[in-house]
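Nothing in this text is a laboratory measurement; each read-out follows from the coordinates by a stated rule. Here the structure is a predicted model, which means the values were calculated and not measured. Note that each Cβ is placed from the backbone with ideal geometry, even for glycine, and that neighbours are counted across all protein chains shown.
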Amino acid sequence: MVESEPGPTSNTKSRKRARRVRTRLNFGHRDRKKNPQSQNASNQNLLTEPHTFYYNKKENRLSQRTRPVIRGLTCAFLIWGEKMKLIVGLGNPGKQYDKTRHNIGFDVIDVLSDRLNIPLNQAKLKGVFGTGYVNGEKVFLLKPLTYMNLSGESIRAVMDYFEINDDELVVIYDDLDLPVGKIRLRQKGSAGGHNGIKSTIAHMGTQEFNRIRVGIDRPPSGMKVPDYVLGRFTKEEQAIMDETAKKCADACEEWFRKPFLQVMNDFNQ
């Protein structure tokens with residue numbers, strides 16, 4: 001397998017979606033000079049007819065809803081964006097790579113797609129993905145279509161387009177250093193020789209992102225690594241890996257309810 005050249009790191013602009021807006025409400029401002037009583041009337045309206053202001057991203061301004069609760073003329077608002085989770089399975093596109101050792105990440109995405117009823121029906125940003133909601137959070141399931149060595153290009157494109165933070169990402173991939181069927185969750189680390197993770201690190205600009213490593217074991221003596229990872233499991237191994245894919249999906253679903261560190265402690269035992 002040919003290792004890809006690392007791409008440029010992404011712009012380091014903040015992608016945080018929380019914003020604190022401080023504004024002064026000047027109801028009746030235009031009428032004060034003509035009618036000094038209008039300011040008192042406006043203040044009374046503010047108390048008896050509470051409103052909620054939210055940040056309208058499309059129009060880049062504060063908009064108003066008729067909901068509680070605002071008191072006083074000077075208010076601070078914490079504008080929260082949508083909570084998100086991006087789950088990426090690494091692999092190679094095409095029938096010839098289906099069910100190969102290198103495509104275990106794709107297999108986990110297929111299990112999650114069926115469980116969560118999230119079809120992979122969007123093909124853009126160098127990948128195929130689907131979106132849905134779980135426990136009020138928007139969930140993305142992504143298979144990069146760049147081939148393994150350039151996986152980071154699709155991951156970076158999706159994260160930038162949807163403004164997904166680094167800690168909202170988990171990447172699932174095969175690992176030669178673990179026995180067949182063994183999984184290991186980590187929050188950071190090197191690529192360990194995996195070209196897909198090398199590309200991801202290069203485009204993320206950091207090694208600190210959640211990942212699930214899935215063991216496929218080392219090739220037998222005399223067999224080259226590319227031939228091994230692009231080969232298929234034995235019948236006995238495939239039965240183990242089918243259960244392993246389900247276990248990885250279990251870990252992802254638990255991540256919807258718990259911090260990744262806690263999930264890591266539960267599944268690494």
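Side notes on the structure shown:
- Measuring against 28 Å, Cα to Cα, the residue pairs LYS83/LYS246; LYS95/LYS258; LYS198/LYS246 contain LYS95/LYS258 as the ones spanning a longer distance.
- Estimated FRET transfer efficiency (GLU236, ASP177; beta-carbon r; R0 25 Å; 0.05): 0.75
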